[in-house]
Amino acid sequence: MPVWVRTVLILCTTWPLAACAGRQSALDPQGLQSDQVRSTLFIFLAVSAIVWIAVVLVLAVGMLRRKRATHTPLDLHEGFEQRAGRLVLGLGVATTVIVLGLSFVSYAGQRNVFAKDEHALTLKIIGHQWWWEVHYEADSPHQSFVTANEIRIPTGQPIKVELESADVIHSFWVPSLTGKMDLITGQKNELQFTAKNAGVYRGQCAEFCGLQHAHMAFDIIALPPDEFGRWRDHQNQSAQSPADQLGRQGEALFRARGCALCHNISGTLAGGQLGPDLTHVGSRTTIAAGTLPNNPATLGAWISDPQHIKPGNLMPKMPLQSNELIAILHYLEQLK
Amino acid sequence: MSMAAEKNQLRDDVLNGFQLSQQLERIWRTPSGLPGALMSVDHKVVGRRYIVTAFVFLLLGGILAVLMRIQLAGPENTFLSADKYNQIFTMHGSTMMFLFAVPVMEAFAVYLVPLMVGTRNIAFPRLNAFSYWMFLFGGCFLWISFALNVGPDVGWFAYVPLSSLQYTPTKRPDVWAQMITFTEVAALAVAVEIIVTVFKQRAPGMTLDRIPLFVWAMLVTAFLVMFAMPSIMVASTSLILDRLVNTRFYDSSSGGHPLLWQHLFWFFGHPEVYIIFIPGTGMVSAILATFARRPVVGYPVVILSLIATGFLSFGLWVHHMFVTGLPQLGAGLFTASSMLIAVPSGLQIFCWLATLWDGRPVYRTPLLFVLGFIVIFVLGGLSGVMVASVPIDTQVHDTYFVVAHFHYVLIGGAVFPLIGAVYYWFPKITGRMLSERLGRWNFWLAFIGFNIAFFPMHILGLIGMPRRVYTYTADMDWAHLNLLSSGGALIFALSFALLLINVVYSARKGTLAGDNPWNASTLEWATASPPPPQNFDRIPVVKHRDPLWADGESLPVVAGLSAERREVLLTSLAEAEPQVREASPEPSIWPLLAAIATTIFFIGSIFTPWAVLWGTPPMAIALIGWFWPTGSKEDEA
């Protein structure tokens with residue numbers, strides 16, 4: 001077998017399956033809800049495939065079969081007309097039975113997907129053009145904190161997200177874990193899901209929300225419960241003071257250059273509420289709502305010209321000297 | 001009218017043959033020259049313009065689709081900016097839905113329905129001319145705005161609050177909303193004309209159960225337009241009011257609600273799909289009967305299915321809103337109602353399959369497109385059953401799965417029959433056949449290109465690609481399928497280039513068609529190709545559902561209509577028994593002037609509310625001119 005034939009064969013057989021796996025795939029479920037949806041989908045898919053193949057087969061046979069010889073179009077065969085009429089109506093009844101059956105299958109799946117658990121861990125998520133504000137709420141205020149664009153959850157525990165919007169309609173969607181739910185201005189929606197396995201699952205805004213709708217993603221990082229507990233305790237703490245001179249300089253510049261007008265860093269004088277909370281920005285894996293991985297190079301590029309990376313976003317380009325940029329960057333990197 | 005005058009009037013029963021044709025042609029023809037062209041009220045002239053204009057918009061919308069596919073062919077492509085991409089997908093959707101799909105179906109109805117029911121002109125011919133001008137001006141308004149970088153960029157659905165003044169403080173959403181108003185007016189006008197033409201102007205003897213299936217489909221469509229369009233009219237007008245004069249219909253902080261928009265929009269938006277699809281089924285039935293060489297099996301089943309589809313289409317708009325946080329049981333009920341529409345659609349498919357089964361198919365291009373329609377549309381219908389399920393929809397809603405689904409339904413269900421219809425009726429409209437050879441290439445390129453372009457989108461949606469994103473990153477594993485899809489889109493676009501070449505070439509050089517080149521059964525084939533201005537020298541009498549097959553070349557006719565002035569025969573609604581002779585309007589410039597006045601009013605009013613004030617007198621003048629009594633013979637009677 002020539003090499004290229006083998007390559008093509010391998011591609012044809014493995015690639016479609018490989019393509020289904022992924023961080024953002026409804027076909028590779030990692031949560032209880034997405035699992036349920038996939039089962040429902042496969043039932044529908046099987047019924048649909050059978051119906052479609054049957055229709056195409058009947059069409060093909062109808063075209064190829066030997067025909068009765070007649071001379072004029074109106075020379076109809078009475079027996080055929082009657083049988084055809086009965087058959088058509090019979091198939092109509094069959095169609096009705098199938099769709100009613102599928103409706104019940106669908107409703108059963110729907111009840112599972114939207115089942116509510118009283119003891120779910122509650123998060124509040126507020127959609128902004130074009131990023132996600134995430135509130136971890138607890139009974140005592142000192143256990144509540146705010147973060148952005150990265151949601152860490154414990155595996156195996158039901159999570160309830162309360163969804164609101166600060167501006168236009170967005171939609172919260174993490175296909176690996178569950179289907180989507182809209183964040184609607186002036187309305188509170190909620191969604192529950194449970195991650196079965198630890199992992200990083202990407203989500204993305206699914207309702208067109210303006211210029212940078214394409215760059216409004218986030219990660220859900222599912223952790224084993226004890227690891228999640230440690231992360232949560234750490235997030236509860238205020239930002240650490242910078243350890244070195246350059247870091248302190250960066251902290252001062254963060255206020256002096258206007259960053260603090262929009263961004264909050266708990267435990268410091270920076271208390272802006274318009275942009276994402278940066279208290280622990282150094283520990284996040286991505287920046288700009290899942291647009292870029294978080295490292296000194298990308299963060300530096302972002303701060304020096306946010307409009308180049310995500311045109312139209314609400315963060316203005318601030319005039320910074322290169323040494324000022326380095327200081328701010330150094331400071332933010334320390335906010336683990 | 002006195003008895004003496006009645007006797008002296010020239011009727012078509014005293015003339016014969018060539019003399020009669022000449023006389024009728026003289027009174028029914030459109031005046032020559034540019035003024036004549038602007039005054040025409042002939043349904044064939046208006047219908048032809050309507051069809052050509054709608055196809056120009058198809059071409060423009062198609063070019064936008066190709067631009068989008070180029071942008072999405074690879075990850076992080078910079079071919080289009082985010083702003084341009086958002087304008088382009090909005091323009092693509094708005095153009096295809098409002099300026100191509102609905103108008104082109106109505107255009108075919110304007111041209112064909114009067115011929116198929118055997119009358120001389122459509123009901124309310126001046127309104128018909130007005131409707132065309134409104135459509136043309138509305139479409140030009142949208143596209144000129146786009147060229148001036150004021151093209152709408154909030155999606156063809158223009159969800160609030162994104163389309164509100166606060167979040168889009170430009171004129172772009174106003175342009176969109178007012179374009180809707182133009183097309184609403186145009187569509188409602190045609191709907192009224194079709195309903196009256198079908199109810200009152202059918203040839204004697206064409207009882208309700210002898211109306212051709214295409215005409216039935218257009219009748220049901222006209223009723224859908226009448227009931228669906230007011231909803232979008234309320235929605236878009238409220239949006240303009242919110243934006244222009246600070247009303248608060250959709251503002252949740254003042255007692256309005258963004259979901260109000262979604263309910264109103266989809267109460268229109270879902271029937272809209274059937275406004276596009278039902279005419280497609282009518283075309284399928286017409287083509288199938290002719291090329292399977294027998295009448296469609298189950299005529300009453302098909303008609304009842306059309307009517308059932310029409311009713312059901314108003315009961316399932318909520319399936320566009322399954323992820324807005326509705327009560328679960330309510331959402332579940334809309335799952336069932338959405339799936340139920342598979343029953344009438346299925347019944348029609350079964351009737352067509354039975355027709356092909358028993359028929360002796362002649363595989364010409366129109367039939368190929370119908371066969372392609374069945375294969376594609378059934379797949380689209382089944383993916384529609386999937387998206388009707390609430391749990392499945394939570395995953396696939398607003399993803400490329402839905403993009404794949406509705407292109408299978410709309411292109412498969414409406415565009416394939418439409419292209420088939422172009423091949424089928426082109427000889428009637430122009431007198432020449434389209435090239436069969438190019439036609440076959442056209443079909444196969446369209447069929448293969450379409451499936452390569454749109455099938456992978458099902459998978460893309462399931463592996464996480466949302467709609468309306470101008471780009472995506474390389475690590476998302478979407479690149480291969482997107483590239484494949486873009487390649488398919490180019491092949492699909494090529495098939496339309498072939499169609500254009502075929503039309504341009506065949507219009508001049510094609511084989512002459514003759515009256516009835518396909519040996520079809522309905523009345524439009526009983527007259528010359530292209531038909532003379534009066535359509536028929538004598539009004540045919542219908543004694544059979546397939547008159548040309550039953551009576552051959554010698555159709556019975558009635559005589560007695562005036563041969564001195566424009567007159568049509570009105571018949572009773574159910575039995576089509578002759579009732580009265582009714583005058584039909586002469587050519588007039590007033591519909592054009594009224595459309596110009598209305599255009600000034602509409603466009604002015606997105607800039608200042610005062611336009612409602614100063615825009616009204618010109619419209620009033622135009623309407624007074626339009627309806628000024630002319631002292632016609634009928635008026636004296």
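The values are calculated or read from the model by the stated rules, or taken from the named source; none is laboratory data. Remember, it's a predicted structure, so these values are computed and weren't measured experimentally. Reconstructed Cβ throughout: ideal geometry from the backbone, glycine too, with neighbour counts over all protein chains shown.
With B:Leu112, B:Leu67 as the choices, which residue is modelled with pLDDT of 95 or more, buried (at least 23 other Cβ atoms within 10 Å of the Cβ) and out of contact with any Cys (no Cβ under 7 Å at 6 or more places or on another chain)?
Residue meeting the stated conditions: B:Leu112.
Scan B:Thr53, B:Thr90 and give me the residue that is of a type in the set (S, T, N, Q), modelled with pLDDT of 95 or more, surrounded by 24 or more Cβ atoms within 10 Å (Cβ to Cβ) and in a helix (DSSP H, G or I).
B:Thr90
Please go through the range A:88-99 and pick out each residue that is within 7 Å of chain B (Cβ to nearest Cβ) and either touching a strand residue (DSSP E or B) at 6+ places or on another chain (Cβ under 8 Å) or over 11 Å from B:Val385 (Cβ atoms) (or both).
A:Val88, A:Leu91, A:Gly92, A:Thr96
Give the range B:590-626 a look and list any residue that's surrounded by fewer than 16 Cβ atoms within 10 Å (Cβ to Cβ) and part of a loop (DSSP other than H, G, I, E, B), or say none.
B:Phe607, B:Thr608, B:Pro609, B:Trp610
Considering the range A:55-92 alone, what residues qualify as being under 17 Å from B:Val343 (Cα atoms) and loosely packed, with under 12 Cβ neighbours inside 10 Å?
Across the range A:55-92, the qualifying residues are A:Arg86, A:Gly90.
Do you know which residues across the range B:194-214 are buried (at least 24 other Cβ atoms within 10 Å of the Cβ) and not in a loop (DSSP other than H, G, I, E, B)?
B:Ile194, B:Thr197, B:Val198, B:Leu213, B:Phe214 - these are the residues of the range B:194-214 that are buried (at least 24 other Cβ atoms within 10 Å of the Cβ) and not in a loop (DSSP other than H, G, I, E, B).
Is there any pair with a first residue in the range B:374-387 that is touching a residue at least 40 places away in the same chain (Cβ under 8 Å) and on the phi > 0 side of the Ramachandran plot and a second that is surrounded by fewer than 21 Cβ atoms within 10 Å (Cβ to Cβ) and among the basic types (Lys, Arg) whose Cβ atoms are under 6 Å apart and which are 6 or more apart or on different chains, and what are they?
From the range B:374-387, no pairs qualify.
Only one of these is within 26 Å of A:Ser176 (Cα to Cα), surrounded by 22 or more Cβ atoms within 10 Å (Cβ to Cβ), touching a residue at least 40 places away in the same chain (Cβ under 8 Å) and small (Gly, Ala, Ser): B:Ala404, B:Ala342. Name it.
Step by step, each of B:Ala404, B:Ala342 is checked, and only B:Ala404 is within 26 Å of A:Ser176 (Cα to Cα), surrounded by 22 or more Cβ atoms within 10 Å (Cβ to Cβ), touching a residue at least 40 places away in the same chain (Cβ under 8 Å) and small (Gly, Ala, Ser).
Surrounded by 20 or more Cβ atoms within 10 Å (Cβ to Cβ), closer than 30 Å to B:Ala158 by Cα and touching a Ser or Thr at 6+ places or on another chain (Cβ under 7 Å), is that true of A:Ile287?
yes
Can you tell me which residue within the range B:445-482, out of those that are assigned to a helix (DSSP H, G or I) and small (Gly, Ala, Ser), is surrounded by the fewest Cβ atoms within 10 Å (Cβ to Cβ)?
B:Ala474
If B:Leu434 satisfies all but one of (1) within 9 Å of chain A (Cβ to nearest Cβ); (2) in a loop (DSSP other than H, G, I, E, B); (3) not β-branched (Val, Ile, Thr), what's the number of the condition it fails?
Of the numbered conditions (1) within 9 Å of chain A (Cβ to nearest Cβ); (2) in a loop (DSSP other than H, G, I, E, B); (3) not β-branched (Val, Ile, Thr), the odd one out for B:Leu434 is (1).
Restrict the check to the range A:15-29 and report whether at least one residue is crowded, with 18+ Cβ neighbours inside 10 Å, modelled with pLDDT of 90 or more, at the interface with another protein chain (Cβ under 9 Å from one of its Cβ atoms) and more than 30 Å from B:Val390 (Cα to Cα).
Scanning the range A:15-29 turns up no residue that is crowded, with 18+ Cβ neighbours inside 10 Å, modelled with pLDDT of 90 or more, at the interface with another protein chain (Cβ under 9 Å from one of its Cβ atoms) and more than 30 Å from B:Val390 (Cα to Cα).
Before we move on, is A:Ala115 out of contact with any strand residue (DSSP E or B) (no Cβ under 6 Å at 6 or more places or on another chain), away from every other protein chain (no Cβ under 14 Å) and farther than 30 Å from B:Ser163 by Cα?
So A:Ala115 does not fit the description; no.
Could you list all residues from the range B:345-400 that are of a type in the set (Asp, Glu), in a helix (DSSP H, G or I) and closer than 30 Å to A:Lys180 by Cβ?
Scanning the range B:345-400 gives a single hit, B:Asp393.
Mind checking which residues of the range B:133-154 are surrounded by fewer than 24 Cβ atoms within 10 Å (Cβ to Cβ) and in a helix (DSSP H, G or I)?
B:Trp133, B:Leu136, B:Phe137, B:Cys140, B:Phe141, B:Trp143, B:Ile144, B:Ser145, B:Phe146, B:Ala147
For the range A:69-82, which residues satisfy the criterion of being within 9 Å of another protein chain (Cβ to nearest Cβ) and either more than 23 Å from B:Ala308 (Cβ to Cβ) or in contact with a strand residue (DSSP E or B) (Cβ under 6 Å, 6 or more places away or on another chain) (or both)?
A:Ala69, A:Thr70, A:Thr72, A:Pro73, A:Leu74, A:Asp75, A:Leu76, A:His77, A:Phe80
Go through the range B:252-283 and give me each residue that's farther than 21 Å from B:Val402 by Cα, of a type outside the set (A, V, I, L, M, F, W, C) and within 14 Å of chain A (Cβ to nearest Cβ).
B:Ser252, B:Ser253, B:Ser254, B:Gly255, B:Gly256, B:His257, B:Pro258
Would you check if B:Ser337 is within 14 Å of another protein chain (Cβ to nearest Cβ), under 21 Å from B:Met97 (Cβ atoms), in a helix (DSSP H, G or I) and polar (S, T, N, Q)?
Here the answer is no, as B:Ser337 does not meet what is asked.
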